[in-house]
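Here's the structure, in C-alpha cells; my notes come after.
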Amino acid sequence: MAQLRKLAWNGVPSDLRAVAWPLLLGYLPLPASSRAPTLVRKRQEYLSLVELAFARNREGLDQQIWHQIEIDVPRTRPGVKLWMHGSTQRSLERILYVWAIRHPASGYVQGINDLVTPFFQVFLSAYIDSDPEEFDPSLLPENVLNAIEADSFWCLSRLLDGIQDNYIATQPGIHRSVKRMAELVARIDPPLSAHLESENVEFMQFAFRWMNCLLMREISVENTIRMWDTYLAEGPDAFSQFHLYVCSAFLVKWSKKLREMDFQGIIMFLQSLPTQGWGDHEIELLLSEAFVHYSTWHNAQSHFGK
C-alpha cells in the first residue's frame, strides 16, 4: 500500500484508475485473489439496498430528501453530455438517495451530487474506449451499468466517511476549514490577506463552495480526477486536511490580480476563475505548491487551533 500511495501521488495512468482508486480507498482488498469475490458481494449488496429503498415506488420514499435530489441531479455538471442522459441521472438519483437514507445525521446535502461524478467517469472509462463525457450509458449492458453504479456508491461512501463533518447540520467541518484557510493565507501571503480584509471580502463568500464541492465547480472533472489521484494517495484525511492547503495555494495563485481589484471585482473574479484551459500540468503545479505549504505549516497547526 505504501508503494501504491507513493506512485499514485504523481498521478495514476487512466487505464489503471478503476483498480487503483478502490484499493486506495479501501473498497477493494490488496490481495488480488480476494478482489473479484469482494466486487461480486459488494455489487450485490448495493443492488439489495436499492431494491429495499425503492420497494414501495415513489410513494415510499422520504419525500424531502427525494425532492432535493430531483432538483440537483439535472444541475450536475451542466453542459456535459454524459450527465444530461436519463440513464446517468437515474443512477445518480439512486446513489444519492441510498447514501442519504443510510446517513440520517447528514441526509442529502447539495454538493454531494458533484462528488459522485469523478468516480462514475473513472469506472465508466474502464468499459469504453471513447470519451466518457460524450458517452450514453444506456448503450451498456444492464449488469455493466449496475457495476459502475455500485462501485461509485461504495467509493463515494468511503470518501464521505472522512468528511462527514462537512455535511451534518450547520456543516461545522466546512466552517472550521474556511476559518483555518483564512489563517493560513494570512501566513502564506500577508499582502493578499490584508487586501481582502481592507475590501471587506470574507473567505466564507467564496471558500464555502471550494470546501463544499472540493473545488469541483472551479475546475473540470478531468482536472478533479488528476487531483484526486494525489488526495487518495495522501490518505483518508486528505479531502479535509490536504484540501485546505490546495484551496489556499489556489487562492494565492491569483494574488497579483486580486490585489488590484475592489470588493465587487474580487467576488466576480472568484466566482468564475479562468481555469478552462487547465490540464494536468497546472493541477500538478497547484498540488506541489500545496504540498510545500502543507510541509511548512501542518505541524504548526496547533498554533492556529484545529
Study note, to complete from the structure: Per 5 angstrom bin, beginning at 0 and ending with the bin that holds the maximum distance, the Cα pairs of the stretch 228-306 fall in percents of 3, 13, 21, 22, 17, 15, 8, 1
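Mind ranking 240-251, 92-103, 163-174 by how tightly packed they are, going by the mean number of other C-beta atoms within 10 angstrom, highest first? Could the numbers behind the result be given before it?
Numbers: 240-251: 23.5, 92-103: 20.2, 163-174: 16.3.
The packing order, highest mean first, is 240-251, 92-103, 163-174.
Classify the stretch 96-191: rounded, prolate or oblate, from the alpha-carbon gyration tensor (a ≥ b ≥ c, eigenvalue square roots; a/c under 1.5 rounded; otherwise prolate if a/b is larger than b/c)? Working shown, then result.
Numbers: a/c = 3.68, a/b = 1.74, b/c = 2.11.
Oblate, because a/c is 1.5 or more while a/b does not exceed b/c.
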Check your understanding: Which is farthest toward the positive dipole end of the chain among Ala169, Leu82, Ala150, measuring Cα position about the Cα centre, with Cβ charges +1 (Lys, Arg) and -1 (Asp, Glu)?
Key -> Ala169
Revision key, fill the gap. Expected sort for 267-273, 31-37 on mean C-beta neighbours within 10 Å, highest first, is 267-273, 31-37
Check your understanding: If you count, for each residue, the other Cβ atoms within 10 Å and average over each peptide, how do 206-215, 225-234 line up from highest to lowest?
Key -> 225-234, 206-215
Practice item. Could you tell me, in Å, what Rg and Dmax come out for the Cα atoms of the stretch 8-129? Key: 15.8, 48
Review point. Magnitude of the Cβ-charge dipole of the stretch 9-146, K/R +1 and D/E -1, about the Cα centre, nearest 20 debye?
Key: 420
**Study point:** Kirkwood-type radius of the stretch 6-75, with distances r between different C-alpha atoms, in Å
**Key:** 15.3
Check your understanding: Relative to the longest principal axis of the chain, what angle (0 to 90°, nearest 10) does the C-alpha long axis of helix 142-161 take?
Key -> 40
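Taken together, the values in this text are just the output of simple stated rules run on the coordinates, not laboratory data. Being a predicted model, the structure only gives us computed values, none of them experimental. Using ideal geometry, Cβ is built from the backbone for each residue, glycine included, and neighbour counts are taken over all protein chains shown.
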